[in-house]
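See below for the structure under consideration.
The values are calculated or read from the model by the stated rules, or taken from the named source; none is laboratory data. Bear in mind that the values here come from a model prediction, so they are computed numbers and not experimental data. Cβ placement follows ideal geometry from the backbone for every residue including glycine, while neighbour counts extend to all protein chains displayed. What goes into the accessible areas is simple: the full protein's heavy atoms, side chains included, and nothing from ligands, DNA or RNA. Shrake-Rupley method; radii C 1.70, N 1.55, O 1.52, S 1.80 Å.
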Amino acid sequence: MTTETTPLQRLAELINELAVVHGRVTLSSGREADYYVDMRRATLHHEAAPLIGHLLLDALEEAGFGPGEIDAVGGLTLGADPVVCAVQHAAASRGLDLDAFLVRKEAKGHGMKRQVEGPDVAGRRVVVLEDTSTTGGSALTAVAAAREAGAEVVAVASIVDRDTGAREAVQGAELPYLWVLSAADLGLEPQ
């Protein structure tokens, strides 16, 4: 008898195969860890990206933050860029309208001088996305920028939560926090 792998199981396999790098590293938070989850190796992969889009969209819909309840998804560039597009494309494949936006680390000094790029988010309900969360700092930076641009941020969601404080930081900012996989789901120890 064979058992079919679920999309979530397949995504976990792909992340472990493509994105988990073992060895001592310094994370963007400044913390040191025995592994690094380089999600761009998965978020830009031909098989993993569509799985990410659909699984994250499913998680948003199950939590009440689907395209019927929100107007857009976005996040801090560079890690969130392919995640945002994957979710937007998953919604479009289902015939659902969902815009996307990207948040620069700081406003451009030329052109439109915007920090939040894409369709205007002012007055719109949005969810901030990221590829992997350690402290929640990147997500909260994106939340602040989206709010400054006039968005109503209703939640934060991540593909991989490292179980290292992001959940608590985002919830401490009084926002719901969702994730598709935890470090434990990937067989990794929180650090």
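It is to be established whether one or more residues within the range 183-191 are closer than 18 Å to Phe65 by Cβ and either open to solvent by less than 20 Å² (accessible area, probe 1.4 Å) or assigned to a helix (DSSP H, G or I) (or both). No - not one qualifying residue is present in the range 183-191.
Could you tell me whether Ser138 is surrounded by 22 or more Cβ atoms within 10 Å (Cβ to Cβ) and in contact with a Phe, Trp or Tyr (Cβ under 6 Å, 6 or more places away or on another chain)? Criteria not met by Ser138.
The set of residues from the range 143-162 being assigned to a loop (DSSP other than H, G, I, E, B) and either open to solvent by 50 Å² or more (accessible area, probe 1.4 Å) or farther than 19 Å from Ala42 by Cβ (or both) comprises Ala149, Gly150, Ala151. The set of residues in the range 127-139 that are farther than 23 Å from Asp58 by Cβ and assigned to a loop (DSSP other than H, G, I, E, B) comprises Thr134, Thr135. The listed residues are Ala183, Ala107, Ala139, and the only one of them that is among the hydrophobic types (A, V, I, L, M, F, W, C), more than 30 Å from Gly23 (Cβ to Cβ) and either out of contact with any Cys (no Cβ under 9 Å at 6 or more places or on another chain) or at pLDDT 95 or above (or both) turns out to be Ala107.
Please verify whether the range 21-30 includes one or more residues that are at pLDDT 95 or above and under 17 Å from the mean Cα position of the chain (by Cα). Scanning the range 21-30 turns up no residue that is at pLDDT 95 or above and under 17 Å from the mean Cα position of the chain (by Cα). Tallying residues that are under 15 Å from Thr135 (Cα atoms) and either of a type in the set (Gly, Ala, Ser) or open to solvent by less than 20 Å² (accessible area, probe 1.4 Å) (or both) within the range 166-181 yields 7. Is it fair to say Glu168 is over 18 Å from Val83 (Cα atoms) and either of a type in the set (Ser, Thr, Tyr) or without any contact (Cβ under 8 Å) to a residue 60 or more places away in the chain (or both)? When the stated conditions are applied, Glu168 passes them.
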